[in-house]
Amino acid sequence: MTFLAPHSFARLALPLLGVLVAIVASPSVLTGQAADEMTLDEWSELIRTGEYEEAVELVDAVPASPERLVWHARLLRETGKGAEALKLLSESKEYEAGDAAVRVAAGGLRVELGDWETARKDLELAVSVKGSPESWTRLGLLLLDLGEREAGLKELKKVLDYYRALSGSEARALDPEVFVWMGRACEGLNRYRDAYDIMYSSALDLDPENAWAHVASGHALLAKYNYPDARSHFKDAIAANPALAEAHIGLAYSTYVDFQYPRNRFIDTLRALAAADRTWPDHPDTLVMRGHLALYDENWTEAEDYYRRAVAARPRDLSYRAYVGVLLYAMARLDELKALEAEVATLHPRPAEFYATLAEKLVDRFFYAEAADFARRAVEIDPEYWPAYVTLGVNALRAGRDEEGKEYIEKAFQNDKFNVW
């Protein structure tokens, strides 16, 4: 849910946030604390604000606890060390004991790294021990990706039940990142207005400088093609945490895709990617962005290298594989494209996102009829994958298939109301 396909970002941003919620709210000053010790709140604030090097140096100054373990994993992940973060968690005694927060954090990392089967076990255990907005959301989104729609929606709806049961005082006492996860659940339920206007807005009311709330807000706007306001949120995230790679990448993408950008969008895109590289060299989304730039210049070899490196880093990401597919189609390497489709079919039971992303990106190469055909395959695979409808409708019209185009644009309008197309 890399965000580089606007409709698919929801899975990928924000790994390791919600499991940390209880940490911030809980007292961490120990009686008789040594002079060289830090409280968990003090140390976690270094991570929230991007003081990563200092946080690394001071990790041992914080009393050991499951909460510190999860924050440490977040620190590693935000600096590009996801595999190391997973190792830290999965080899801990807290993981073996079935600590819910540790299992949720491990499950989130496994989803990102492509081990969905073990991720599911981690998340199901966490939900059974202590359900939370993050664990329900993570599990629900994963089940949707695994083709288990009803089970996935059931988990996501638990988040709405949780929200409805909150009193005003309880809501005000929550960590802002709880609302970020509730927003993610709303997106999974195709309730974008609730996600942005209620959940992310509530997070920012509680903490206007919460970087991840701004990143989530930016991605929600990106998904509906509101590039200027998305950039505003990413810039606010950068102001709150100048080292957060995802904020810089979000700024890069929302700049690159905006043909009405008031300055040189290519220069500013590269500048933002360079800023992301300072914290997380070769973030998979950065690789994809560089692939897009190479493809724009018709530097096929370089584009393919970037895309395939991204796939290697996140092998279950359908949008990354779709970008490889676009390149193969543009180069008339159709046998290789068929092999790629077969590979995708073995990884995902309902790969609608692959075909929808392939269709959307083919439009950039002016393959309008082909884009409509691939979007139709996405709709056939998953009749409720609404982002594919507008791609199908618009490009059917471009290809002269007026009745088909009108039909699917009307369906898109009914079910994807905030899509400007």
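Taken together, the values in this text are just the output of simple stated rules run on the coordinates, not laboratory data. Just so it is clear, the model here is predicted, and its values are computed rather than measured. When we count neighbours, we look across all protein chains shown, and the Cβ atoms used for this are built from the backbone with ideal geometry, even at glycine.
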If each part is reduced to its alpha-carbon centroid, the range 73-110 and the range 130-170 end up apart, in Å, by 21
For the range 165-173, in residue order, the Karplus 3J(HN,Hα) values (coefficients 6.51, -1.76, 1.60; θ = phi - 60°; whole Hz; Gly and Pro = x) are 7, 6, 7, x, 5, 5, 5, 5, 8
Checked the range 259-383 with the C-alpha gyration tensor, a ≥ b ≥ c its square-rooted eigenvalues, rounded below a/c of 1.5, otherwise prolate if a/b is larger than b/c and oblate if not; verdict prolate
The answer for GluC sites (Glu not before Pro) in the range 69-117 that fall in a DSSP coil and have at most 14 neighbouring Cβ atoms within 10 Å is E91
If R77, R265 are placed from fewest to most neighbouring beta carbons inside 10 Å, the sequence is R265, R77
Compactness check, the chain: C-alpha Rg relative to the 2.2 N^0.38 Å globular estimate gives 0.97
Ordered by number, the trypsin sites (Lys or Arg not before Pro) in the range 341-421 that occupy a DSSP loop and have at most 14 other Cβ atoms within 10 Å are K417
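Taking the Cα centre as origin and putting +1 on Lys and Arg beta-carbons and -1 on Asp and Glu beta-carbons, what dipole magnitude results for the chain, to the nearest 20 debye?
900
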The exposure ranking of Y307, Y320, Y192, Y256, fewest beta-carbon neighbours within 10 Å first, is Y192, Y256, Y307, Y320
When F374, F367, F413, F234 are ranked with the fewest other C-beta atoms within 10 Å first, the list becomes F413, F367, F374, F234
Violations at 24 Å Cα threshold for listed pairs K224/K338; K87/K121; K121/K154; K361/K406 -> K224/K338
Under 5 Å from the placed amide H of V62, counting only residues 5+ away or on other chains, we find M38
Compactness check, the range 350-421: C-alpha Rg relative to the 2.2 N^0.38 Å globular estimate gives 0.95
Computed over the chain, the relative contact order (Cα-Cα under 8 Å, seq sep at least six) in percent reads 12
Nearest-0.05 FRET efficiency for Q414 and E37 at R0 = 45 Å, using Cβ-Cβ distance, is 0.20
Calculated from DSSP helices alone, with each H run of at least 4 adding -39500 (n - 2.57) and the total divided by the residues of the chain, [θ]222 nm to the nearest 500 comes to -21500 deg cm²/dmol
